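Data first, discussion second: the structure below is written as structure tokens.
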Amino acid sequence: MVVLAKGELEQIALPAVQKAAPPLADVPEVDLAAAASRGAEGRAAAARAVAAACQEHGFFKVTGHGVPLDLLARVENAAAAFFALQQRDKESAMSAVAPGSPFGYASKRIGSNGDLGWVEYLLLGVTAAGASTGDHSADEPLLPAPADEEAVPSAWRRCSFRDLLNEYTVAVRRMTCEVLELMAEGLGMEETDVFARLVLEDDSDSMLRVNHYPPRPELKHLQQLHGGGGGGGGGRVTGFGEHTDPQIISVLRSNATSGLEIALRDGTWVSVPPDQGSFFVNVGDALQVLTNGRFRSVRHRVMVNSVRSRVSVIFFGGPPPRETLAPLPQLVGEGGRSRYREFTWREYKSSAYRTKLADNRLCHFETTS
Ligand SMILES: C=C1C[C@]23C[C@@]1(O)CC[C@H]2[C@@]12CC[C@H](O)[C@@](C)(C(=O)O1)[C@H]2[C@@H]3C(=O)O
Ligand SMILES: O=C(O)CCC(=O)C(=O)O
Ligand SMILES: [Fe+2]
């Protein structure tokens, strides 16, 4: 591990983007509860809307999701309490709970290929039962007792973060599979569990990530200097640099702080107004492959807010490492061209984890016409 002297990391220039992105005017939205209550017609309409959003943006919002709002609030409070701990407590707690790269707690370094962002995070593997792994001894608390009890926020003392994340993962994975079924229906697939079953397999390679983007108050001053309100001026710091997610699907929930931006088909960036009661879905690289490019793996990034912290939790639904991925024959069509060669998820992951965040990870798997 590279150890930097105190303050040294702060001096490393973070990749900043200068122009503020305008908000995405019509975020595509699907209401799962409404779809379920309106019979076959309602469901078919929701499936069509989901497929259209995945084709156009690779991104949409889910409402009526059935995940209790109080669970979302409890996870958010516990995450905020965890990130408020002393640096050494966060590091030692997570090295005990989630040992080994890429899992555990980290700050500013994203992946192991030199990417930096104004973010600290937890990355946990997800087991077959839908629970976040790392709990080698089920009775052990997630975190060891912090050095200074008084410094620990009371919200943190009252709950077990690990249990909460497990409860959250189970609920979100269930909802993710409903969404994956709608995607398959929207594509006209006969087997509507063709995507969901991959995420439900015993050895599915799914993950949970909890990100915290502390505010950068000095940005406010810079933004005012360059035209005010953060509109078009300088003073933007990258929290999480632009990238696509490798997995099948990512399901994100954040607090009410802005920051998430997505790239549209023409490459322009738009910001996504936060909505703490809803989830946002990203199509990942693996789903772009399975759909032969019909669904778009969305490029996205997070910009840091000047006054408020952003806390986000993302469930990444991935297939088992042994799974062979290739465009589904029904989506290639007779005489059609398969845009990607066949590969295993293990092969893709090991190639992807050698790349930098912003790299195009799918180009190595494209077929030449
Ligand atoms: C720079 C990197 C971080 C990442 C692994 C990679 O080499 C390229 C993909 C990155 C990403 C993006 C989505 C998820 O946050 C993530 C956990 C994943 O599966 O792929 C991260 C990886 C990471 O943070 O380790
Ligand atoms: O934190 C966020 O809002 C998004 C982060 C992200 O894209 C990721 O962790 O892959
Ligand atoms: Fe992402």
(message) As an exercise: evaluate Arg296 against (1) within 23 Å of Glu120 (Cα to Cα); (2) of a type in the set (D, E, K, R); (3) in contact with a Gly (Cβ under 8 Å, 6 or more places away or on another chain) and give the number of the one condition it does not meet.
(response) (1)
(request) Just one of (1) buried (at least 22 other Cβ atoms within 10 Å of the Cβ); (2) within 12 Å of ligand 1 (Cβ to nearest atom); (3) among the hydrophobic types (A, V, I, L, M, F, W, C) trips up Leu357, so point out which. (result) (1)
(message) Can you tell me which of (1) open to solvent by 10 Å² or more (accessible area, probe 1.4 Å); (2) out of contact with any Leu (no Cβ under 9 Å at 6 or more places or on another chain) is the one Gly284 doesn't meet?
(response) (1)
(message) Take the residues in region 111-125 that are within 16 Å of ligand 3 (Cβ to nearest atom) and more than 20 Å from Ala84 (Cα to Cα); name whichever of them is surrounded by the fewest Cβ atoms within 10 Å (Cβ to Cβ).
(response) Asn113
(request) Could you please give the count of residues in region 249-278 that are charged (D, E, K, R), within 22 Å of Ala78 (Cβ to Cβ) and within 16 Å of ligand 1 (Cβ to nearest atom)? (result) 1
(request) Determine the pairs where a residue that is in contact (Cβ under 8 Å) with a residue 24 or more places away in the chain and open to solvent by 10 Å² or more (accessible area, probe 1.4 Å), located within region 243-258, has a partner that is outside any loop (DSSP other than H, G, I, E, B) and among the aliphatic types (A, V, I, L, M) with Cβ atoms under 7 Å apart, the partner being 6 or more residues away or on another chain. (result) Pro246/Ala286; Pro246/Ala352; Leu252/Ile314; Arg253/Leu72; Arg253/Val313; Asn255/Val311
(request) Quick one: Ala36 ticks every box in (1) open to solvent by 80 Å² or more (accessible area, probe 1.4 Å); (2) modelled with pLDDT under 90; (3) part of a helix (DSSP H, G or I) except a single one, so which number is it? (result) (2)
(request) May I ask you to say which residue of Ala326, Ala352 is within 19 Å of Ser112 (Cβ to Cβ) and surrounded by 15 or more Cβ atoms within 10 Å (Cβ to Cβ)? (result) Ala352
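Report yes if some residue within region 261-280 is within 11 Å of ligand 2 (Cβ to nearest atom), polar (S, T, N, Q) and open to solvent by 10 Å² or more (accessible area, probe 1.4 Å); otherwise report no.
Here is the first cut: in region 261-280, the residues within 11 Å of ligand 2 (Cβ to nearest atom) are 261-262, 272, 274, 280.
From the residues that got through so far, the ones that are polar (S, T, N, Q) too are none.
No.
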(request) Quick one: in region 283-303, of everything that is more than 16 Å from ligand 3 (Cβ to nearest atom) and β-branched (Val, Ile, Thr), which residue is farthest from the chain's Cα centre (by Cα)? (result) Thr291
(message) So for region 147-167 (the condition being among the β-branched types (Val, Ile, Thr), surrounded by fewer than 20 Cβ atoms within 10 Å (Cβ to Cβ) and at pLDDT below 90), does at least one residue qualify?
(response) yes
(request) Could you grab me the full set of residues in region 282-304 that are near ligand 2 (Cβ under 10 Å from one of its atoms), aliphatic (A, V, I, L, M) and part of a loop (DSSP other than H, G, I, E, B)? (result) Val298
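The values are calculated or read from the model by the stated rules, or taken from the named source; none is laboratory data. As the structure is a prediction and not an experimental result, all values here were calculated from the model. Using ideal geometry, Cβ is built from the backbone for each residue, glycine included, and neighbour counts are taken over all protein chains shown. Note: areas computed on protein heavy atoms with side chains; ligands, DNA, RNA excluded. Shrake-Rupley method; radii C 1.70, N 1.55, O 1.52, S 1.80 Å.
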